[in-house]
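The numbers here are math on the coordinates, done by the rules we state, and not lab data. In this text the structure is predicted, and so the values were computed from the model without any measurement. Every residue, glycine among them, receives a Cβ derived from its backbone with ideal geometry; neighbour counts consider all protein chains shown.
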Amino acid sequence: MNDAPVAIFDSGVGGLTVASAIAKRLPDEHLVYLGDTARLPYGTKSAETVTRYAVQATRALMRFQPKLIVVACNTASAVALPVLAAAYAPVPVLGVVEPGARAAIAASRGGPIAVIATEGTVKGGAYVRAIHALKPDAKVVQRACPLFVALAEEGWTDGDVPERAAERYLHDIFASAEPPDTLVLGCTHFPVLAGPIAKAVGKAVTLVDSAATTAREVETLLDSRNLRRNAVAKPPTFMGTDAPERFARVGSRFFGRTIAETQVELVDLTP
């Protein structure tokens, strides 16, 4: 199983921030990435719909016989992880919520922890539950920031527009009588907006990138099971459910390196 791939899926290309973090931390691993670009975003859909989509995406990835499945979508991690873990055992399934929660608690200096995410992740309360499971007395403040997704997709990651959006979303939270000292970027799109977000909240606030924390947990899991890849590095495999050209163009921004349209396989997840 050592040479089997690490399979990753997201509702779109935002999860490529997770794939990028894993690739940097574990450069010898073969990554297989699936973005459900035909049906994004997951963050505005019901838990039942997201779970159905997540099962379909994982089923498509299983043809590669992966040694690990990473759910890079925060919304799918929040609602579908138990179903996926039960359906595809003994292949381990790792989400992005719990690693982010653990990192937030480790980074916090005792103040409140803020979480920004999509509407679906915030409404589901997954980060609140994950943080309280580890630290029951932690104070958690949530804020849905849906515009950040569109800004990240369009490449508007610096300048007046994202800075004003960040200020609008976050000013009241961090100007309160008890401002958070830690901010979890609870959507895979948000790391590319870290600059404007950090400017809005101030230097005293620690930003927790769930992509980086998930990559660390992938490394820990593979090491604990002696599943690190021993072969020569292999280029990543990319799949999308719609618009390979846009996947490649926008995805390159999130992955941090060029993805050619010819590298993106078009797949159909419907039964």
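In terms of its C-alpha gyration tensor, segment 207-258 comes out oblate, because a/c is 1.5 or above while a/b does not outweigh b/c.
Reported to the nearest whole Å, the Cα centre-to-centre distance from segment 153-208 to segment 50-96 is 29. Taking amide H atoms as placed 1.01 Å from N in the peptide plane, the amide H of Val32 lies under 5 Å from those of Val6, Ala7, Ile8, Thr237, each 5 or more residues away in sequence or on another chain.
The fraction of all Cα pairs in the chain landing in successive 10 Å bins from 0 to the largest distance is 7, 32, 37, 20, 4, 0, given as whole percents. Over the chain, dividing the summed -39,500 (n - 2.57) contributions of all DSSP H runs of at least 4 residues by the number of residues returns a 222 nm mean residue ellipticity of -14000 deg cm²/dmol. Taking other residues whose beta carbon is less than 12 angstrom from the beta carbon of Phe64, and scoring Lys, Arg as +1 and Asp, Glu as -1, yields +2. The phi torsions of segment 227-236, fed into the Karplus equation with coefficients 6.51, -1.76 and 1.60 and a -60° offset, translate into couplings of 10, 5, 6, 9, 7, 5, 3, 10, x, x Hz, rounded to whole numbers, with Gly and Pro shown as x.
Where Rh is the Kirkwood radius over the Cα pairs of segment 156-271, the temperature 4 °C and the viscosity 1.567 mPa s, what D in µm²/s does Stokes-Einstein return? List each step's numbers first, then the result.
On the way: Rh = 17.3 Å.
My calculation gives 75 µm²/s for D.
Taking amide H positions as modeled 1.01 Å from N, with prolines and chain starts lacking one, no residue 5 or more places away or on another chain lies under 5 Å from Val264.
Here the translational diffusion coefficient of segment 26-92 follows from Stokes-Einstein with Rh set to the Kirkwood radius across Cα pairs; for 4 °C and 1.567 mPa s it amounts to 104 µm²/s. Residues of segment 1-28 falling in the label zone of Asn230, defined by backbone nitrogen less than 16 Å from a point 7 Å along Cα to beta-carbon, are 1-5, 28. If amide hydrogens are placed 1.01 Å from N in the peptide plane, which non-local residues have theirs closer than 5 Å to the one on Leu207? HN-HN under 5 Å from Leu207: Leu183. Between 0 and 90 degrees, the angle of helix 74-88 with respect to the longest Cα principal axis of the chain falls at about 40 degrees.
Taking 8 Å as the Cα distance limit and 6 or more residues as the minimum spacing, I'd like the relative contact order of segment 97-210 as a percentage.
Details: 191 pairs, mean separation 41.2, N = 114.
Result for segment 97-210 is 36 percent.
In this rough spin-label picture, where each label sits 7 Å from Cα along the Cβ direction, the Ala198-Ala47 distance is 3.6 nm. Filter the cross-link list Lys199/Lys234; Lys123/Lys234; Lys135/Lys203; Lys67/Lys139; Lys123/Lys199; Lys45/Lys203 down to pairs whose alpha-carbon distance in this structure exceeds 31 Å. Lys199/Lys234; Lys123/Lys234; Lys67/Lys139; Lys45/Lys203, as the Cα separations exceed 31 Å there.
Each residue of segment 242-248 is assigned a 3J(HN,Hα), and the resulting list reads 6, 6, x, 5, 5, 3, 5 Hz, derived from the Karplus form 6.51 cos²θ - 1.76 cosθ + 1.60 (θ = phi - 60°), x at Gly and Pro.
Is the shape of segment 97-210 rounded, prolate or oblate, going by the alpha carbon gyration tensor and its root eigenvalues a ≥ b ≥ c, with a/c under 1.5 for rounded and a/b larger than b/c for prolate? Please list the in-between numbers first.
Numbers: a/c = 1.89, a/b = 1.43, b/c = 1.32.
Cα axes put segment 97-210 in the prolate bin.
Each Cα pair under 8 Å and six or more residues apart adds its sequence gap; the mean of these over the residue count of segment 163-271 is a relative contact order of 21 percent.
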